1. Suppose R0 equals 35 Å; then what is the FRET efficiency for GLU22 and ASN92 from their Cβ-Cβ distance, rounded to the nearest 0.05?
2. Got a sec? How would ILE56, ILE81 order by Cβ neighbour count within 10 Å, fewest to most?
3. Using alpha carbon centroids, what distance separates segment 1-46 and segment 70-87, in Å?
4. What distance in nm separates the two pseudo spin-label positions at TRP73 and ARG39, each 7 Å out from Cα along the beta-carbon direction?
5. Please work out whether segment 2-88 counts as rounded, prolate or oblate from its C-alpha gyration tensor, where a ≥ b ≥ c are the square roots of the eigenvalues and a/c under 1.5 means rounded, while otherwise a/b larger than b/c means prolate and anything else oblate?
6. Counting only residues 5 or more places away or on other chains, whose amide H sits under 5 Å from the amide H of GLN60 once H atoms are built in the peptide plane?
Amino acid sequence: MELQGKVIAALPERSGVSARGEWKSQEFVIEYQEGQYPRHLVFTVFGADRLQRFNIQIGQTVLVAFDIDAHEWNGRWFTDIRAFDVRLVDPNAVPAQPAPMQNQAAPMGDAPMADANPAAPFPPQQEAAGESADDLPF
């Protein structure tokens, strides 16, 4: 999966030694726009080589490619969002419009929606012959 957003926080770097040797990781928080309100995502970069190569700084707009996985520990489940690629996005570039979703199954037996104007809350009304638009019943 990929997500574009602005880096708003860099948590402290963590390191340790395991059976495979030394390791380093760091978590970052990005803010992205989905719908009307901004959302946040925390992702982990694992490995000193990746941390150095990505060189993530607060305030940068980045495109993060990540995997989502979960693991169980002591009867509780934890979700990991691990970045495998982070690219700096030129803030002066024209933002790409998301591709419209096609062939999306309708939820729970609902009929698929016709092409609708999302800004229009109601479908356009048609006037009957000989009636004016301001003809109210009261």
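Bear in mind these aren't lab numbers, they're just calculated from the coordinates by the rules spelled out. Quantities reported herein were computed from a predicted structural model and do not represent experimental measurements. FYI the Cβ positions are ideal-geometry reconstructions off the backbone, even for glycines, and counts take in every protein chain you see.
1. 0.35
2. Ordered from fewest to most neighbouring Cβ atoms within 10 Å, ILE56, ILE81 come out as ILE81, ILE56.
3. Their Cα centres are 11 Å away from one another.
4. 2.5 nm
5. Oblate, since a/c reaches 1.5 and b/c is not below a/b.
6. VAL7
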